[in-house]
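Worksheet: the structure to be examined is printed underneath.
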Amino acid sequence: MSTLRVGYELVYECPQPTPMILMLNIHHTRVADIIVPDTLTTTPAVPIAVYDDAFGNRCSRIVAPIGEIRISADGVVRDTGVPDIVADWAQQQLVQDLPEEVLVFLLGSRYCETDKLSQVAWNLFGYSPTGWGRVQAICDFVHRHVAFGYEHANATKSAWEVFNQGQGVCRDYAHLAVTFCRCMNIPARYCTGYLSDIGTLPPYGVGDFAGWFEAFLGGQWYTFDPRNNVPRLGRVLMARGRDASDVPISNTFGFNTLNHFKVWTDEVSEASL
């Protein structure tokens, strides 16, 4: 087992009252692991309305006032201390045998253009092993094909553009892999959350939220991470959806400037809390 301190601090500046939808809470599937709740707070304080979206993600609605607003949380969550599961026995199901609730994750979406990449996917992976082996082959290709760099970040970049440009950030790796999976009739959904550096060698990158995906194999969802492409420790889910358009950390309805962005995922001793 391990214990993680997770949180963020975002500072926006708004020239007018600005409605916002924030998706910044630990996912409800991890509620039993929470030691200190990651309660969202704002400075100055504003009313916060909470609801769950169609994908089961916790959302917070606020109206940011004129000027600067600080949005933050600082929670503690218990983690298994076990790397992502490798289930190389998991098999792909026929489309006609899939449960109805996963079918939406076979379809194209805003950043995952299955229509443009279908033939590419079959050319690349049509002869690969089915099931887990095929998803891993997709992750291996995406990991090799895409060069990581924060300078390549682009909020409108789609899987088709990632494939052709061969560069991006973690969400771009996930979008391309999700698209390839869907093209091969494997349901796949985009995930966002915290990812610790536990078990990795320095130098460590700047704290950030991470993007990965889940594939539906053998009747359940499994985690895949084409950006890192190795099982990792300390992954804390925040939200899931068809792609990043369903799970932005913030949707803002009016002009604003993000002046400050900080994220942490640090291992701590439970005895020190």
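Values computed for the structure shown
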{"read-out": "Number of the condition not met by V178 [criteria: (1) open to solvent by less than 10 Å² (accessible area, probe 1.4 Å); (2) in contact with a His (Cβ under 9 Å, 6 or more places away or on another chain)]", "value": "(2)"}
{"read-out": "Yes/no for S118 being at pLDDT below 95 and either touching a Cys at 6+ places or on another chain (Cβ under 9 Å) or within 14 Å of M184 (Cβ to Cβ) (or both)", "value": "no"}
{"read-out": "Residue count for the stretch 138-162, restricted to those that are among the aliphatic types (A, V, I, L, M) and within 17 Å of P187 (Cβ to Cβ)", "value": "2"}
{"read-out": "Flag for Y173 being touching a strand residue (DSSP E or B) at 6+ places or on another chain (Cβ under 7 Å) and of a type in the set (F, W, Y)", "value": "no"}
{"read-out": "Of the criteria (1) within 24 Å of R30 (Cβ to Cβ); (2) in contact with a Phe, Trp or Tyr (Cβ under 9 Å, 6 or more places away or on another chain); (3) charged (D, E, K, R), which one E101 fails", "value": "(2)"}
{"read-out": "Residues (within 30 Å of F105 (Cα to Cα), surrounded by fewer than 17 Cβ atoms within 10 Å (Cβ to Cβ) and small (G, A, S)) located in the stretch 3-61", "value": "A32, A49, A54, G56"}
{"read-out": "Restricting the stretch 188-238 to residues that are of a type in the set (F, W, Y) and under 20 Å from Y8 (Cβ atoms), the residue that is farthest from the chain's Cα centre (by Cα)", "value": "Y204"}
{"read-out": "Matching entry among Y127, Y190, Y111 (being within 16 Å of P226 (Cα to Cα) and either touching a Pro at 6+ places or on another chain (Cβ under 6 Å) or of a type in the set (S, T, Y) (or both))", "value": "Y190"}
{"read-out": "Wholly enclosed strands (runs of 3 or more DSSP E) of the stretch 186-245 bearing at least 1 residues under 25 Å from L106 (Cα atoms) and among the polar types (S, T, N, Q)", "value": "188-195, 220-224"}
{"read-out": "Options V146, V95; residue that is more than 23 Å from L237 (Cβ to Cβ) and either open to solvent by less than 70 Å² (accessible area, probe 1.4 Å) or among the acidic types (D, E) (or both)", "value": "V95"}
{"read-out": "Residue satisfying condition, being at positive phi, open to solvent by 50 Å² or more (accessible area, probe 1.4 Å) and either of a type in the set (D, E, K, R) or out of contact with any Gly (no Cβ under 7 Å at 6 or more places or on another chain) (or both), within set N164, N185", "value": "N185"}
{"read-out": "Selection from the stretch 119-132 of residues that are closer than 16 Å to V162 by Cβ and either open to solvent by 30 Å² or more (accessible area, probe 1.4 Å) or polar (S, T, N, Q) (or both)", "value": "V120, L124"}
{"read-out": "Tally of residues being among the acidic types (D, E) and either modelled with pLDDT under 95 or open to solvent by less than 30 Å² (accessible area, probe 1.4 Å) (or both) across the stretch 98-112", "value": "0"}
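The values are calculated or read from the model by the stated rules, or taken from the named source; none is laboratory data. Computed from a predicted model, the values in this text were never measured in an experiment. Cβ coordinates were reconstructed from backbone atoms using ideal geometry, including for glycine residues, and neighbour counts include every protein chain displayed. We work out accessible area using only protein heavy atoms, side chains counted, and drop any ligands, DNA or RNA first. Shrake-Rupley method; radii C 1.70, N 1.55, O 1.52, S 1.80 Å.
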